[in-house]
1. Considering only residues that are more than 16 Å from Leu20 (Cβ to Cβ) and touching a residue at least 24 places away in the same chain (Cβ under 8 Å), which ones fall in the range 64-86?
2. Which numbered condition in (1) of a type in the set (Val, Ile, Thr); (2) in contact (Cβ under 8 Å) with a residue 40 or more places away in the chain; (3) closer than 13 Å to Cys22 by Cα is the only one that Ile103 fails?
3. Out of the strands (runs of 3 or more DSSP E) lying entirely within the range 22-118, which hold 1 or more residues that are open to solvent by 20 Å² or more (accessible area, probe 1.4 Å), under 16 Å from Glu6 (Cα atoms) and polar (S, T, N, Q)?
4. Under the condition of being open to solvent by 60 Å² or more (accessible area, probe 1.4 Å) and in a loop (DSSP other than H, G, I, E, B), which residue from the range 1-14 is nearest to Asn77 (Cα to Cα)?
5. Specify the residue that is farthest from Ala101 (Cα to Cα); the eligible residues are those in the range 4-62 that are modelled with pLDDT under 95 and of a type in the set (S, T, N, Q).
6. Please work out if Gly55 is in contact (Cβ under 8 Å) with a residue 12 or more places away in the chain and either touching a strand residue (DSSP E or B) at 6+ places or on another chain (Cβ under 8 Å) or more than 18 Å from Gly114 (Cα to Cα) (or both).
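The values are calculated or read from the model by the stated rules, or taken from the named source; none is laboratory data. Owing to the predicted nature of the structure, the values given are computational and were not obtained by experimental measurement. When we count neighbours, we look across all protein chains shown, and the Cβ atoms used for this are built from the backbone with ideal geometry, even at glycine. When the accessible area is computed, the model is the full protein with side chains, heavy atoms only, and any ligands, DNA or RNA have been set aside. Shrake-Rupley method; radii C 1.70, N 1.55, O 1.52, S 1.80 Å.
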Amino acid sequence: QVQLVESGGGLVQAGGSLRLSCAASGRTFSSYAMGWFRQAPGKEREFVAAISWSGGSTYYADSVKGRFTISRDNAKNTVYLQMNSLKPEDTAVYYCAADKATISKSPYEYDYWGQGTQVTVSS
């Protein structure tokens, strides 16, 4: 069992930056691939970024490539999402998730989810 708690969301102006953190409980964190997803009102949950258990592989959605960076610190049981050059269309609830198997862009592959953190980007 893994419990995930996101933090770092908030209100920021367009062009600004935020860093989201996701703290995981459990001693097996380093064996999980981790992902970030987001969901805007009235829209489906969408993939943002993912990172392999070692940090050696990363995936990004085209909409955030070059602006967002996913990273992890297995010693701290934490995964991060650095978000730069934020746009109003990045406004959403951001969720982190853990995948026991392998790095994936599909939310259906993930086994554990956090409660989400709100990110609002004003124009």
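1. Correct list: Asn74 only.
2. Going through the list (1) of a type in the set (Val, Ile, Thr); (2) in contact (Cβ under 8 Å) with a residue 40 or more places away in the chain; (3) closer than 13 Å to Cys22 by Cα, Ile103 breaks only (3).
3. 33-39, 68-73, 78-83
4. The residue in question is Gln3.
5. Top of the filtered list is Ser25.
6. So Gly55 passes the test.
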